[in-house]
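S.K.: Submitted below is the structure of interest, expressed as structure tokens.
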Amino acid sequence: MPGWLFATGGCSHGLELLASVLCRPGDVVVCEEPTYFLAGQIWRDHGLEVQAIGSDGEGLRVDSLAHAIEHEGLRPKLVYTVSSCANPSGATMPHARRLALAQLARRHRFWVVADEAYHLLRWAPEGDEADTGRPVRMVAHDWEYASAARGASGEDGLTSGGIVSVSSWSKVLAPTLRIGWIEARPSVVGALARRGYVFSGGNPAGISAEVVAEAILSGGAAQHMRGLCAAYAKRCAALCAAVRASEAGLTLRVPCGGYSGGYFVWVRLPPYAADSEAVEEAALEAGVAVLAGTRCSARARGVTNSSECDGAELSRHVRLCFAMLKGSELEEAVRRLSRATLASPASSTRCPTWGTTCSG
């Protein structure tokens with residue numbers, strides 16, 4: 001929708017800009033847990049207090065967020081969620097939960113920032129070739145968006161809260177392009193455009209935006225995305241099969257609806273294994289890169305604020321990425337990870353569950 005888009009240098013740049021426009025030092029930002037492991041530092045760099053709310057196989061636990069707001073005194077200025085094909089869990093928030101989050105945001109006047117870096121990287125789940133469950137962008141649930149679509153006028157300000165989508169072409173076309181966008185109501189886009197360095201320097205994407213625009217108009221971007229999603233679907237399936245067959249007893253934490261996009265799968269370590277950081281180190285020595293679950297928190301190390309977001313939960317998980325490797329390479333990577341896990345020191349840490357999952 002014209003007036004609702006603002007070009008950025010990628011998703012991270014978008015988050016940085018939104019933190020400066022929507023928040024002030026001391027404001028509270030709520031992140032789902034687990035979450036994108038580099039997001040927390042962006043918020044803290046702006047003097048924001050980061051707190052966590054648990055997630056399950058359908059993404060952010062909106063019921064837990066509502067309880068914390070209405071019964072525990074939580075007052076978020078902004079809620080950050082990776083709502084589609086989440087990093088690291090792979091979960092996609094269904095329509096009903098997106099609507100519930102939008103209603104909660106409107107009632108309590110906070111902002112929802114949806115990091116949709118993986119929204120375009122979605123393939124049809126097995127048994128649903130038409131992909132009938134494909135969600136709309138989170139910003140479509142913004143009440144001002146709906147008003148504008150009807151030609152009506154609303155509050156359209158910065159004080160009433162709202163919903164913003166942030167996305168990027170960088171990861172799916174070419175990382176060096178550094179081109180992304182913020183989709184938000186005109187008052188937010190206007191506030192972004194009035195930032196001093198933007199007003200002085202102009203479009204931060206410049207030539208990259210023109211390159212991507214031509215790719216979209218020519219149909220090349222759509223063709224590229226179809227091929228990319230088909231390749232990633234096969235790689236994801238190969239990785240999941242290898243994990244299920246692993247000799248170390250690794251367990252997939254499959255989101256509701258199955259893995260249907262993104263780059264990652266979320267894997268629980270067996271009870272006997274060391275914690276995730278020790279396994280990460282052992283795997284690296286074996287030539288395999290995984291990300292320890294304890295790193296997938298937006299909170300600073302040693303900071304806790306919720307019993308459902310304790311460190312023990314994350315310490316029993318690792319994030320695996322299937323984007324760079326072919327099927328045979330992924331199988332070998334899991335074999336090496338299994339050997340590293342089997343050789344890791346025994347752990348006395350309990351092995352909790354990851355919220356609600358629909359299959360395993």
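Quick note: the coordinates plus some simple rules give every number you see, no bench work behind them. What you see is a predicted model, and the numbers here were worked out from it, not measured in a lab. Methodologically, a virtual Cβ is constructed for each residue, glycine included, from the backbone with ideal geometry; neighbour enumeration extends over all protein chains shown.
S.K.: Could you tell me which residue out of 189, 88, 163 lies farthest along the dipole of the chain toward its positive end? Charges go on the beta carbon: Lys and Arg +1, Asp and Glu -1, centred on the Cα centre.
M.R.: Going by the charge dipole, the pick is 189.
S.K.: Can you list residues from other chains, or at least 5 along the same chain, whose modelled amide H is less than 5 Å from the amide H of residue 86?
M.R.: Amide H neighbours of residue 86, under 5 Å, 5+ apart: 91, 92.
S.K.: Taking the Cα centre of segment 245-298 as the origin and placing charges on Cβ (Lys, Arg +1; Asp, Glu -1), which of 286, 273, 254 is farthest toward the positive end of the dipole?
M.R.: 254
S.K.: Right, something else. Long-range amide H contacts for residue 171: which residues qualify at under 5 Å (H placed 1.01 Å from N, peptide plane, sequence gap of 5 or more or a different chain)?
M.R.: Placed amide hydrogens put nothing under 5 Å from residue 171.
S.K.: Around residue 50, which amide H atoms from residues at least 5 apart in sequence, or from another chain, sit under 5 Å from its own amide H, with H modelled in the peptide plane?
M.R.: For residue 50, whose amide H was placed from the backbone, the distant partners under 5 Å are 29.
S.K.: Cβ neighbours within 10 Å, averaged per peptide: list 86-95, 265-274 in order, most packed at the top.
M.R.: Packing proxy ranking, top to bottom: 86-95, 265-274.
S.K.: Within the set of other residues whose C-beta is less than 10 Å from the C-beta of residue 88, count the net charge using Lys and Arg as +1 and Asp and Glu as -1.
M.R.: Once all neighbours under 10 Å are counted, the net charge is +3.
S.K.: Residue 285: net charge of surrounding residues, Cβ under 15 Å, Lys/Arg +1, Asp/Glu -1, itself excluded?
M.R.: Surrounding charge for residue 285 is 0.
S.K.: Moving to a separate point now. Sort 111, 123 by Cβ crowding within 10 Å, fewest neighbours at the top.
M.R.: Listing 111, 123 from fewest to most nearby Cβ atoms yields 123, 111.
S.K.: Percent antiparallel among DSSP beta bridges with both residues in segment 5-216, to the nearest 5?
M.R.: 35
S.K.: OK, next. With charges only on Cβ, +1 for K and R and -1 for D and E, what is the dipole size of the chain about its Cα centre, in debye, rounded to 20?
M.R.: 220
S.K.: For residue 120, what is the net charge nearby, where nearby means another residue's Cβ is under 12 Å from its Cβ and Lys, Arg count +1, Asp, Glu -1?
M.R.: Around residue 120, the surrounding residues sum to +4.
S.K.: Between residue 241 and residue 5, what length in nm is gained on full extension when 0.36 nm per residue of separation is reduced by their alpha carbon distance?
M.R.: 81.0 nm
S.K.: Which ordering of 109, 319, 98, 134 is given by a fewest-first count of other beta-carbon atoms within 10 Å?
M.R.: Fewest-to-most Cβ neighbours within 10 Å comes out as 109, 134, 319, 98.
S.K.: Further, regarding this structure: Order of 199, 37 from fewest to most other C-beta atoms within 10 Å?
M.R.: If I rank by nearby Cβ atoms, fewest first, I get 199, 37.
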